[in-house]
Amino acid sequence: MMNYVIRFFKRLFKSYFSIYGPALLTIVFAVTLFQILPNSPLWPVPLFFVIVIVLFYRYVKW
């Protein structure tokens, strides 16, 4: 029974990671970028988002 529970939570975690991973990584990147460099330009955030989307598309396969 415990094996089914572990498999269920593993599948749930993988699903949430693949759905919300790029957006969460982009938000974390934007917050840390503007905390470290408050006067930094805005263009690295969408560039980072595109790079994360490409990396997730190529390497994260469930």
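Seen against the Cα atoms of the chain and their longest principal axis, helix 2-36 is set at about 0 degrees. Placing a pseudo-label 7 Å from each Cα along the Cα-to-Cβ vector at Phe17 and Phe29 gives an inter-label distance of 1.9 nm.
In this structure the chain gives 90 Å² per residue of accessible area when probed at 1.4 Å with all protein chains present. With no solvent and one point per C-alpha, what does the Debye sum give as log10 I(q)/I(0) for the chain at q = 0.29 Å⁻¹? Result of the Debye calculation: -1.14.
How many percent of the accessible area of the chain is carbon or sulfur, using a 1.4 Å probe?
Here carbon and sulfur together make up 74 percent of the probe-accessible area.
The values are calculated or read from the model by the stated rules, or taken from the named source; none is laboratory data. Note that this is a predicted model, so its numbers are computed, not measured. Because the Cβ atoms are built from the backbone with ideal geometry, glycine has one as well, and the counts that use them run over all protein chains shown. Please note that ligands, DNA and RNA were not included when accessible areas were found on the heavy atoms of the full protein model with its side chains. Shrake-Rupley method; radii C 1.70, N 1.55, O 1.52, S 1.80 Å.
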